[in-house]
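Chemist: Would you mind keeping the following structure in view while I ask a few things?
No value in this document is a laboratory result; all are computed from the given coordinates. Because the structure is a prediction, the values reported are computed rather than measured. Positions of Cβ are generated from backbone atoms using ideal geometry, with glycine treated the same way; all protein chains shown enter the neighbour counts.
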Amino acid sequence: MVGASRFELELNPPKGLVLPLHYAPFIPILVELTLLVNFLVWYTNIIMIGKKILEQLNIIKQCRKYSLSVWQCPQFLFLIMGIIIIVSSLLTYAIGNRYIEDPLLVALIVIAVSIVLLIIAATITRSFETLAETNRMKSEFVSIVSHQLRSPLSNLKWVIELLMSGKVCPVAEKQTEYFRMLKENSKRMDELVSDLLTVSRIEQGRLPLQKEKTSFKDLVEKIIKETEILAKASNVEVEFNPADNLPDIIFDPSQLKLSVANLLENAIRYAKAKGNVKIGLKKKNSKLYFEIKDSGVGIPEKDQKYIFQRFFRSENAKKRQTEGSGLGLYIAKSIIEKSGGKIGFNSKENKGSTFWFTLPIK
């Protein structure tokens, strides 16, 4: 209390913080600094909230985060539902304004309908966003685990080959048999890890395609030669009947090799004893048409709609071949579609299957 006597201060002591008199000129400055600090804090919070809102509204960025197409993205779904809410509100207002005389009641009905639809839209979008985030985390987990398994598997393969060579110590015939089993199982595990990494890249949209113009016929012949040992061991004959004067096409040889190899290995593995696999290649309209026909166990009708899903294997396939991850057809379909082609099949149980795909001729 500026100007008060000591006696008055004793009778009426001031409440709160008391500053000495010589600080009085600085009080307005302190007040202004406090207001400025509060404004800066408020402005920073507004900017941060605004950035978060803009990030959520950036549909393309959010879709890339979840590795989804625009049509599958939760934010795009929320945008569509927002448009539906606006249209529904306008229709509700138009209908209410026609049949209800009280404008206040019409407004309340419109607000109530809009709130209910908004809550439903937010709940659905949040559910889809949670599913997309879970799927993204799963893909990242598979990718990390697969990468981490690569090094120990490579080391295991190297050690097995070193022991089998006999350079460390003499190897008995029985031990060699055990080493062969270890080598075969480590190879299977390496193939599974490779498939998991490929699936992870496909799901995250990071599967690179190094396209070049080359002969697809030569690629198929090379794959047939590489699977010759498997075909002989399975007692299956492979026939390749390409058409004449096939044009070279632009594609990624390494990726399409993986697709064709998966289809051919499946045909050989599931073919019946002394069966045959027929491969055709021809030009059909403006596309290259490839088909592979086997005389195997076929696919039950109830399982056909799931055949290109990850990790799916039909019941009769499990009985005939205990090995397999159920990833081959999913990988083949993804690569072919990414290359601009289409894939399909025809199958009858116990009579065999015919898988086909087309590739554009450019």
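Chemist: Quick one: is THR198 surrounded by 13 or more Cβ atoms within 10 Å (Cβ to Cβ), under 31 Å from the mean Cα position of the chain (by Cα), within 16 Å of GLU337 (Cα to Cα) and of a type in the set (Ser, Thr, Tyr)?
Modeler: Spelling it out, THR198 is indeed surrounded by 13 or more Cβ atoms within 10 Å (Cβ to Cβ), under 31 Å from the mean Cα position of the chain (by Cα), within 16 Å of GLU337 (Cα to Cα) and of a type in the set (Ser, Thr, Tyr).
Chemist: Can you find, within region 214-238, the residue that is surrounded by the fewest Cβ atoms within 10 Å (Cβ to Cβ) among those that are among the β-branched types (Val, Ile, Thr) and without any contact (Cβ under 8 Å) to a residue 40 or more places away in the chain?
Modeler: So, considering only residues that are among the β-branched types (Val, Ile, Thr) and without any contact (Cβ under 8 Å) to a residue 40 or more places away in the chain, the one surrounded by the fewest Cβ atoms within 10 Å (Cβ to Cβ) is ILE229.
Chemist: Please enumerate the residues belonging to region 279-293 that are crowded, with 18+ Cβ neighbours inside 10 Å and more than 16 Å from SER259 (Cβ to Cβ).
Modeler: If the condition is that a residue be crowded, with 18+ Cβ neighbours inside 10 Å and more than 16 Å from SER259 (Cβ to Cβ), then LYS293 is the only one that fits.
Chemist: A further question follows. Restricting the search to region 239-260, which residues are buried (at least 18 other Cβ atoms within 10 Å of the Cβ), farther than 12 Å from LEU288 by Cβ and in contact with an Asp or Glu (Cβ under 8 Å, 6 or more places away or on another chain)?
Modeler: Selection gives ASP252 alone.
Chemist: Next question. Determine whether GLY341 is in contact with a Phe, Trp or Tyr (Cβ under 8 Å, 6 or more places away or on another chain) and without any contact (Cβ under 8 Å) to a residue 24 or more places away in the chain.
Modeler: Considered against the rule, which asks whether it is in contact with a Phe, Trp or Tyr (Cβ under 8 Å, 6 or more places away or on another chain) and without any contact (Cβ under 8 Å) to a residue 24 or more places away in the chain, GLY341 comes out as no.
Chemist: Let me confirm something: among LYS302, LYS319, LYS278, which residue is under 18 Å from SER234 (Cβ atoms) and free of Cβ contacts under 8 Å to residues at least 12 places away in the same chain? Spell out the reasoning first.
Modeler: Numbers: LYS302 fails: under 18 Å from SER234 (Cβ atoms); LYS278 fails: free of Cβ contacts under 8 Å to residues at least 12 places away in the same chain.
When all the criteria are applied, what remains is LYS319.
Chemist: Mind counting the residues in region 115-156 that are among the acidic types (Asp, Glu) and either loosely packed, with under 12 Cβ neighbours inside 10 Å or more than 12 Å from LEU196 (Cα to Cα) (or both)? Quick ask: steps written out before the conclusion?
Modeler: Here is the first cut: in region 115-156, the ones among the acidic types (Asp, Glu) are 129, 133, 140.
If we keep only those that are either loosely packed, with under 12 Cβ neighbours inside 10 Å or more than 12 Å from LEU196 (Cα to Cα) (or both) as well, we get 129, 133.
Qualifying residue count for the region: 2.
Chemist: Hey, any hits in region 284-293 for a residue that's touching a Pro at 6+ places or on another chain (Cβ under 7 Å) and within 19 Å of ASN241 (Cα to Cα)?
Modeler: Taking every residue of region 284-293 in turn, at least one turns out to be touching a Pro at 6+ places or on another chain (Cβ under 7 Å) and within 19 Å of ASN241 (Cα to Cα).
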